[in-house]
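The values are calculated or read from the model by the stated rules, or taken from the named source; none is laboratory data. Values in this document were obtained by computation on a predicted structure and should not be read as measured data. With ideal geometry, Cβ positions are generated from the backbone for all residues, glycine too; neighbour counts draw on all protein chains shown. SASA here: full protein model, heavy atoms, side chains in, ligands and nucleic acids out. Shrake-Rupley method; radii C 1.70, N 1.55, O 1.52, S 1.80 Å.
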Amino acid sequence: MEIKEMMMTGKLWTSLGSTAAALMVGWAMFQPFCPVDPGDYLKKCGNKLVTFFSPYIEIKFSEYTADRFKRSEVFSAIEAYLMSNSSKQAKRLKADAGKNSRTVVLSMDDQEEITEEFQGATFWWSSTVSHTPKFSYFSASDEKRYYILTFHKRYRNLVTDSYLNHVIEEGKAVGVRNQQRKLYTNNSSDNWHGYKKTIWSHVVFEHPSTFQTLAMDPKKKNEIMEDLITFKRSKDYYKKIGKAWKRGYLLYGPPGTGKSSMIAAIANLLDYDVYDLELTIVKNNTELRKLLIETSSKSIIVIEDIDCSLDLTGQRKKNKKKKEKDEKKEGEPKPDEIKEEEEKSKDTESKVTLSGLLNFIDGLWSAIGGEKLIIFTTNYVDQLDPALIRRGRMDKHIEMSYCNYEGFKVLAKNYLDLESDPLFDTIHGLLKDTEITPADVAENLMSKAFEVNSKECLEALISALQETKEKARLKAEEEAIAAATKEGEASTSTKEAAKETEEKESLTRSKDKEAESDLV
């Protein structure tokens, strides 16, 4: 009997298994023709049922919205606002360095919740992270971060009328107080993944350069400082005249004249972040726009050595020559290895164009964020396309020249703590006739020992100036001799050509005379 019951039970389970398998196969065949997924429909109905009976309302604030071009400013403000409350309530916190790296800032960790009271109402804030599944288009490490605000529905008007405004305003104020000046660099687009963007990486900006330490003429420094401060205070003026709140600076001059130090001094004066843009790893104009979008206001966008970053100098003139060169090479057979290398170089080389860079500086996208400086540096300003550095794009041109006496006095004060010395007169005279960079002057003034010997440093600088002056004199003499030699060679060749011409004419005349005598 028991054996019979067991056999019947086994048949029953076998039948159920076959029926389930048949249903699964049938559903798999029928599913493409079903407009609604029953699972989604049941889930939707369940959510409606819970919402109907629940007295609570939830608001979600995503880190990235719309097409995820830019991090949500509302999310950033909420993140800063919750810092002040999370350190008192939350059990799990995450720490980061505060302003100037002198303090530690605590914030609510992911998947954590805190409670807040506002005008007699209770609010719950939670931090949530949802990870993208591995079968997603994005990588497995991508994640979506958002905050959820939960409150009773009786406080809806309080939330929309005053509470959210209070959170945003307080959050922005906290963000300004805790803001850390940063130095950014752009990453390759291969690292840009979904919501977890890593377009820019940063470190704390700690460069000590200021306008007081720059080796420049004081009048010139004051002029630049006044221009910068005026720009910072001119939001309403730029709006009035219908221009984007930005300004372009072109720093040009020989290597070692302090262009990078000038950028650091500007950042320290204005308290702006610095975005050091490496153009060679930007693949195209679209990526260039995305990088611009991800920069914050109150920032400096820097492209150093613009003449070396990309082949943008005289680009309009070179395109025609390149096209002619390519047309000549089209008929020539190429080995397979050369073809492969050319294809690889086409994929890896930057396709940022001069037009794209001009739009980046002065186009529609340049107005995003506001309160930005765009700074180019170059050693050879004459090689840049005039359209790139015209007024309106590079509004102020600053020549970073060789060290003069005023610049030397600044460096002497910085390095040796000297404001006067008998040797200063000798150095003053040498600097009038000698081209030496502030970097070379500073190197000679730096003491190589722990105990500073100012006299030895000044004497070393005098020797360096004399040596530089002598080299310049010898170089000038060599160039003069070369020019004279070239002129002499040209004169000799001219005389030889004249003599040869005279001999030919003489030979012609003699032949004519012989012919006349033969006729007679």
Ignoring ligands and nucleic acids, Lys235 exposes an accessible area, probe 1.4 Å, in Å² to the nearest 10, of 130
Expected vector for region 56-61, Karplus 3J(HN,Hα) from phi with 6.51, -1.76, 1.60 and θ = phi - 60°, integer Hz, x for Gly and Pro, equals 9, 10, 10, 10, 9, 10
For Thr353, other-chain or 5+-apart residues with amide H closer than 5 Å (H placed, Pro excluded) are Asn285
Chymotrypsin sites (Phe, Trp or Tyr not before Pro) in region 362-471 lying in a DSSP loop, each with at most 16 other Cβ atoms within 10 Å of its Cβ, come to Tyr380, Phe450
For Phe118, the residues 5 or more places away or on another chain with a placed amide H closer than 5 Å to its own amide H are Phe123
Order by accessible surface, 1.4 Å probe, largest leading, for residues Cys457, Cys308 comes to Cys308, Cys457
Evaluated at 10 °C and 1.306 mPa s, the Stokes-Einstein D of region 250-294 based on the Kirkwood radius over Cα pairs, in µm²/s, stands at 125
Taking only the alpha carbons of region 156-258, the radius of gyration and the largest Cα-Cα distance, Dmax, both in angstrom, are 20.3, 63
Ranking Glu116, Glu223, Glu73 from most to least accessible area with a 1.4 Å probe gives Glu73, Glu223, Glu116
When every protein chain stays in place and a 1.4 Å probe is rolled, Lys298, Lys60, Lys91, Lys259 sorted by accessible area with the largest first are Lys91, Lys60, Lys298, Lys259
Correct semi-axes for region 353-402, from √(5λ) of the alpha-carbon gyration tensor and rounded to whole Å with the largest first, are 21, 14, 8
Rounded to the nearest 10 Å², the 1.4 Å probe accessible area of Trp200 is 40
Heavy-atom accessible area per residue of region 154-293, all protein chains kept, 1.4 Å probe, expressed in Å², is 51
For region 405-454, the percent of accessible surface on carbon and sulfur atoms (probe 1.4 angstrom, ligands and nucleic acids excluded) is 48
Taking a crude spin-label model, label points 7 Å out from Cα along the C-beta direction, the Lys239 to Ser463 distance in nm is 6.2
With x for Gly and Pro, the residue-by-residue ³J(HN,Hα) of region 433-447, computed from phi through the Karplus equation 6.51 cos²θ - 1.76 cosθ + 1.60 at θ = phi - 60° and given in whole Hz, is 10, 10, 9, 9, 7, x, 5, 5, 4, 4, 4, 6, 7, 6, 6
Lys60 and Asn414 label points (each 7 Å along its Cα→Cβ direction) are spaced in nm at 5.3
In nm, the gap between the two label points placed 7 Å beyond Cα toward Cβ at Phe424 and Thr19 is 10.5
With a 20 Å threshold on alpha-carbon distance, the violating pairs from Lys413/Lys471; Lys220/Lys409; Lys219/Lys469; Lys221/Lys409 are Lys413/Lys471; Lys219/Lys469
Counting only residues 5 or more apart in sequence or on a different chain, those whose built amide H sits under 5 Å from that of Val105 are Asp96, Ala97, Gly98
Per the rule of 0.36 nm per residue minus the C-alpha distance, extending Asp305 to Thr485 adds in nm 61.1 nm
